[in-house]
Structure formats: structure tokens, C-alpha cells
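Read-outs: derived from the displayed coordinates by stated rules, not from any lab. In this text, all values refer to a predicted model and were calculated from it rather than measured experimentally. Cβ: placed from backbone, ideal geometry, glycine included. Neighbour counts: every protein chain shown.
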Amino acid sequence: MSTPNKDKHIYFITGGGTGGHIYPAMAVADALQKQEDTKKIFYIGNEKNQEKRIADLAGYSFLNVNISGMPRKISLKLLTWIINLGLSTFRSIFYILKYKPDLVFGTGGYVSAPALFAAILTHTPFVIHDCDAMPGIVSKTVAPYAKSVSLAFEKSKELINSKTIYCNGNPIRKEFLELNRAQARKIQGIENKFTIIVMGGSQGAKRINSALVKSLKNLFCKYDIQILHQTGKKNFEDVIKELESEYPEYKDNKNYIVRPYFDDMYIPLLASDAAVARSGSLSLSEICISGLASILVPYPYAAADHQRINAKEMENQGASLYIEDSECNAEHLSSLIEELINNREKLISLQNNAKKLAKPHATENIIKQIKTALIK
């Protein structure tokens, strides 16, 4: 059980598996680190996932839990997963007893489950944030026991059982608030002209990658534009092979920048006018805070279909165009990109509506929520 420290506080931060869980957790961790009454921050995650690398780079002590995504079907794998969840929860209880955190903060997802379950069992105060329009299983399970719940979407409130709910939006890294478009373009080393960023989240998206590659020759023949293309690390080599076949001129085209991953993602986002992206909630929050028009292609196999729900919400708010994954081919994608290039009124409308959905104070509001939980 945690013992409150009147002068300095110890925090456990947990969330991982994908950037959509990691980066909101890191934004809160970074903000807490700057607080005068913070003594120490530990990050709990799976050392095999990218949260380990990101937490290490940020200088946080990392505590490992051996937990992966929950199998959706009854099988031996599900039984093994349940055993690993139990073992990881006991390991998290050990971490709590050893380091005595004053509060645990989790961003949902399977990686956060052991630490949050351990917090319940040890009566350690905890606060959770759920990033999606459709809250995940972990968030819904632990919400009744949390000191308070933070949500990204208003419509999520009806799906969460908690007496203390705040709709903050997703916590965003402070860098998104420190640069304008001209400054970002200078840092990125690109010209001041229409720029579109194409990305599939931290894992990439084969369908989007392929549709774009097949569109490049036509787009660059017709328009003087710039394209920043994040392929995802696991897809980079396949994209390069397809480029060699479909658009070998890419090597000499300074207006096309292809990377497996942009470490400082805020720079290419702020440098762009529009985005083609999956519709994970963090991507949408970053698109909105950057004031981008967007073409959203939801991942069709996301848990509880949350990406489609997210994308439809953006479309309903007049902040994005929408394509089903099955319809994301070169012809359809290029036609929507051309619509944004040719219809400036449409472009500006989408950008302005995205800005209206941005919640730049999400991180500081969550910090206030955490501070309130400490004194209750």
C-alpha cells in the first residue's frame, strides 16, 4: 500500500503496446517530472515493446511486465495469457510494495492492466485516461475503482462507470504548442508550399502505403506539392521495393521524403497542411492540434472497431474526409488528395474544424486531476 509523502511524490506511469497508449502516458510523465513535488517516476511496460525504448530515452526507470495483447478466442493462448496477466499483476504488486508510489497513472490497453489491477489490490490511488471514443476493456474494468477518469471524447462518458469523469482530450507533448508551420518547415528542411503527410500510425499501414506509392507519379506530374511519407518500420523495405517498381524517380524527387518513422513526429505534422492517416485517437489529437485537414482510413480490425468510430466522429464534425480500408486504392486516395489541393475552401474548412476539436490544455488538466486524487 502506498504511503503519501507530504513533500515529494513517487508516480508509476503505465501504458504501452502502441504509440496511442505510450505518447499520452509520456506527455503526462514529462509534465509531472517538471513539478517541484515530484520525487521519482517509474514507467511500467513490456520491455519487448517500444515503450521501453521511449521511456529509456526520456530517462525514466523502467519496470518490466511480461504481458501482451489478449487473444480474442478461447484457446490455449488465452489460458497462457491469463496466467501471464496474473504473474504480471503479482510482479506489479511487488513493485508497489518496493517503491511505494503515491499514485499510478494508466492510459489503458493490455500493458497497463497489471499495474492498475495491482493498484486496486494494494489500495494505491490511481487515475486512468482512455484515448478512444470506444473505451477499452481495461479502462471499463478498472474505472469504478479509480480516483477519477479522464476521457478523450465526450461520447465515451456513457460507456464508463465512474462518479468522477473529466473530458480532457488526449494529452499532447508540449512541442506541438511551441512551433508554427513556417518554423516546422524550416526544421524539416522543406519548402513553403502545399505539404501532405501520409502515415499509418507507429506500426504503419500497408494499404495506405501501397495506395500512395501508386499515386505518386500522377500527383507529382500534376502538382507542385511536397509529400512526407512515414511507412512504419516493419513496412519500410516493402515500400522501397514498390517504389523501385512504381516510381523509381522517387530518389531524385526532393519533394518526396520517405522514412520508416519520424522520431520527432510533431515536426512533420506541424509542417504539413493535410494528413492521410489511420484514426487512432492520438493521431487524431495530433492532427487537430496541428490544424490539419485529413483523409482518414480506419484500421478495420481495431478492438471494438474504435478507429472507425473515431473517424466517423471526425467526419461528423466536418474535420476530415473518410475512406474505408477496403476502398483505399490509388484512384480513390489520389482523387481525395486532389480535392484538397484544388478546393482551397474545403481545405480551410477542414483545417478550421480540426482546430476547434483540439484540446491544447489536456495535459495540464490531467495533472490537476492527479493532484486532486493525491489529496482525497
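Worth pointing out:
- Mean Cβ count within 10 Å, highest first, over the residues of peptides 192-198, 356-362: 192-198, 356-362
- Inter-centroid distance (Cα atoms) of the range 248-303 relative to the range 20-57, Å: 23 Å
- Within the range 1-73, GluC sites (Glu not before Pro) in DSSP loop having at most 14 other beta-carbon neighbours inside 10 Å: 36
- Packing-based exposure ordering (other Cβ within 10 Å, fewest first) of 54, 74: 74, 54
- Annotation: the range 78-209 has a Kirkwood hydrodynamic radius of 17.5 angstrom, from the mean reciprocal C-alpha pair distance.
- Relative intensity of the chain on a log10 scale, I(q)/I(0) at q = 0.09, 0.10, 0.11, 0.12 Å⁻¹, equals -0.52, -0.63, -0.76, -0.89, per a Debye sum over C-alpha point scatterers of equal strength in the absence of solvent.
- The loop-placed trypsin sites (Lys or Arg not before Pro) in the range 222-317, going by DSSP, that have at most 16 neighbouring Cβ atoms within 10 Å of their Cβ come out as 254.
- Karplus-derived HN-Hα couplings along the range 128-143 (A = 6.51, B = -1.76, C = 1.60, θ = phi - 60°), whole Hz, x at Gly and Pro: 10, 10, 10, 8, 10, 5, 10, x, x, 4, 4, 4, 5, 6, 8, 3
- Under 5 Å, built H, 5+ apart or other chain: amide partners of residue 132: 152
- The chain, relative contact order in percent, only Cα pairs under 8 angstrom and at least six apart counted: 16 percent
- Maximal additional length on extending the residue 75-residue 218 stretch stands at 46.7 nm, based on 0.36 nm per residue less the C-alpha distance.
- From least to most packed, judged by other beta carbons within 10 angstrom and beginning with the fewest, 265, 70 follow the order 70, 265.
- Here is the size of the range 197-271 from its Cα atoms: Rg then Dmax, 11.6, 31 Å.
- Other residues with beta-carbon under 11 Å from the beta-carbon of residue 173 carry, at +1 per Lys or Arg and -1 per Asp or Glu, a net charge of -4.
- Quick note on the range 176-357: its Rg to Rh ratio, both from C-alpha atoms and Rh being the Kirkwood radius, is 0.93.
- Within straight-line cross-link reach of residue 8, lysines at Cα separation under 23 Å, skipping those fewer than 8 residues along the same chain: 34, 39, 40, 98, 100, 147, 368, 371, 376
- Inter-label distance for residue 99 and residue 123, nm, one decimal - labels placed 7 Å from Cα along Cα-to-Cβ: 2.3 nm
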